[in-house]
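First the structure, in the form of structure tokens, and then the observations on it.
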Amino acid sequence: MLTSLLDNDFYKITMQNAVIKRFPYAHARYAFINRGEHAFPEGFGEALRVEVDRMAALRLSDEEKRYLETTCPYLDPTYLDFLAGFRYDPSEVTIEQQGSELSVVMEGPWYRTILWEVPLMALISELWYRLRGVAVSEEDEALIEQRTREKIELYRQHGLKIAEFGTRRRFSFAVHDRVVEALCHYGGEAFSGTSNVLLAMRHGVKPIGTHAHEWFMFHGARFGFKMANSLALEHWVDVYRGDLGIALTDTFTTRAFFESFDKKFAKLFDGVRHDSGDPIEFADATIAHYQRLGINPLSKTIIFSDALTPEKVERIRACCQGRIGMAFGIGTNFTNDIGVAPMNMVIKMVEARPEGQGWLPVVKLSDVPTKNTGDPEMIALAKRILSLGGKDDESPST
């Protein structure tokens, strides 16, 4: 089901490079979180095990390495040589199924285990449909291109920039490939690229991505919650020197992020990414923050990436037009819009073992409290340290 090491989201590659350079001795533990409480059919765990074991054969081809050298000059030759020699180690993944409940845990050196999350979710999603006999009909095949064309043409009419972010919960690789092909064909200047590196290479578009929550979550465990955002941003700048300049805001709530996002970082980074909470409140808060720092918001960009639909994008456009730059990363609404319910699941880092330390729980404090992840006691500690009280304190508008 997976045929390439590059069938992964770009931010996994950019983070792996940063982890190798800053935290080569760190270890990490990840876990599958079944938010939708899906009941897995008999034999699912065994089928997933087979696919995970097959991933040991994946390797970076010479053509793929040349593509990264040409397209991503900020990925230095030493990292690309490392990636050329990288092999997945299936022993890092433990899969158990008890009845209809599925447990998946990954553990090992962070620089290695960081690549598991996205392809594992893609496998779980595709197997979920396949083993339940849900297939794409000939009618669905025609609708995939039609729906994709209608969406991207609507976005193009509004002059918007759209990237495809749908690897993790796609219906299948075949559907994903067809969606990106349609976006390239009909999107024109509106389609800015895809987070999937293999499909970016295959279709000649830009790979999109910077970093994810786990980058900040690890810093919280290693350096403490007060310093997590500042040091995560500082280390990112140290590695990429101005490239890949979109900062994720909501690992410990956007309120806490903006307290660390001072004039230095606000000028160094090209913009920020919104991934939870009300997008209009976030846009207003971001614009106000730049204005307080004496920075013209129109010189910056917000990347919106939280469960976007055409209707939601239109509401955001109406709010941001003429006030701040904007672009959109759309995932499941592109790659799993064939009339079946997409899975509600995530894989998150749950513990980290920084160099010279024991295992520590990591947490994420979303702008939507129900999306908080991690040990409850550690979540409570993080809230106390960051002076985050009730629900109102977790809103970006405050």
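When residue 306 is tested against (1) in contact with a helix residue (DSSP H, G or I) (Cβ under 6 Å, 6 or more places away or on another chain); (2) modelled with pLDDT under 95, only condition (1) is not met. Residues of region 18-51 that are among the basic types (Lys, Arg) and touching a helix residue (DSSP H, G or I) at 6+ places or on another chain (Cβ under 7 Å): 21, 22. Going by the structure shown, is residue 42 assigned to a helix (DSSP H, G or I), in contact with a strand residue (DSSP E or B) (Cβ under 9 Å, 6 or more places away or on another chain), surrounded by fewer than 18 Cβ atoms within 10 Å (Cβ to Cβ) and at negative phi? No, not satisfied. Being under 30 Å from residue 27 (Cβ atoms), in contact with a Phe, Trp or Tyr (Cβ under 8 Å, 6 or more places away or on another chain) and either without any contact (Cβ under 8 Å) to a residue 12 or more places away in the chain or in a helix (DSSP H, G or I) (or both) is a property that residue 55 has. Just one of (1) touching a helix residue (DSSP H, G or I) at 6+ places or on another chain (Cβ under 6 Å); (2) closer than 25 Å to residue 160 by Cα; (3) at pLDDT 95 or above fails for residue 338. It is (3).
Listed here are the residues, each with its yes/no results for (1) over 30 Å from residue 255 (Cβ atoms); (2) among the aliphatic types (A, V, I, L, M); (3) open to solvent by 10 Å² or more (accessible area, probe 1.4 Å).
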position: 161; (1), (2), (3): no, no, yes
position: 183; (1), (2), (3): yes, yes, no
position: 189; (1), (2), (3): yes, no, yes
position: 198; (1), (2), (3): yes, yes, yes
position: 222; (1), (2), (3): no, no, yes
position: 226; (1), (2), (3): no, no, yes
position: 229; (1), (2), (3): no, no, no
position: 235; (1), (2), (3): no, no, yes
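Restricting 141, 145, 153 to residues that are acidic (Asp, Glu), in contact with an Asp or Glu (Cβ under 9 Å, 6 or more places away or on another chain) and open to solvent by 40 Å² or more (accessible area, probe 1.4 Å) narrows the list to 145.
A residue that is open to solvent by less than 10 Å² (accessible area, probe 1.4 Å), within 22 Å of residue 242 (Cβ to Cβ) and in a helix (DSSP H, G or I) can be found somewhere in region 60-73.
Taking (1) within 20 Å of residue 254 (Cα to Cα); (2) among the basic types (Lys, Arg); (3) at pLDDT 95 or above in turn, residue 391 satisfies each apart from (3). Among the conditions (1) open to solvent by 20 Å² or more (accessible area, probe 1.4 Å); (2) at pLDDT 95 or above; (3) within 27 Å of residue 11 (Cα to Cα), the only one that residue 130 does not satisfy is (3). With the condition kept exactly as written, say whether any residue in region 169-176 is in contact with a strand residue (DSSP E or B) (Cβ under 9 Å, 6 or more places away or on another chain), among the hydrophobic types (A, V, I, L, M, F, W, C) and buried (at least 23 other Cβ atoms within 10 Å of the Cβ). The answer is no, given that none of the residues of region 169-176 is in contact with a strand residue (DSSP E or B) (Cβ under 9 Å, 6 or more places away or on another chain), among the hydrophobic types (A, V, I, L, M, F, W, C) and buried (at least 23 other Cβ atoms within 10 Å of the Cβ).
Here is a yes/no grid of residues against (1) in contact with a helix residue (DSSP H, G or I) (Cβ under 8 Å, 6 or more places away or on another chain); (2) small (Gly, Ala, Ser); (3) under 16 Å from residue 3 (Cβ atoms):
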residue: 53; (1), (2), (3): yes, no, yes
residue: 67; (1), (2), (3): yes, no, yes
residue: 81; (1), (2), (3): no, no, no
residue: 95; (1), (2), (3): yes, no, no
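Yes or no: region 285-306 includes at least one residue that is open to solvent by 10 Å² or more (accessible area, probe 1.4 Å), over 21 Å from the mean Cα position of the chain (by Cα), over 14 Å from residue 209 (Cα atoms) and hydroxyl-bearing (Ser, Thr, Tyr). For region 285-306, residues open to solvent by 10 Å² or more (accessible area, probe 1.4 Å), over 21 Å from the mean Cα position of the chain (by Cα), over 14 Å from residue 209 (Cα atoms) and hydroxyl-bearing (Ser, Thr, Tyr): present.
The values are calculated or read from the model by the stated rules, or taken from the named source; none is laboratory data. These numbers come from a predicted model, not from an experiment. Quick reminder, even Gly has a Cβ in these numbers, built from the backbone with ideal geometry, and neighbours come from all protein chains shown. Calculation scope for accessible area: heavy atoms of the full protein, side chains included, ligands and nucleic acids excluded. Shrake-Rupley method; radii C 1.70, N 1.55, O 1.52, S 1.80 Å.
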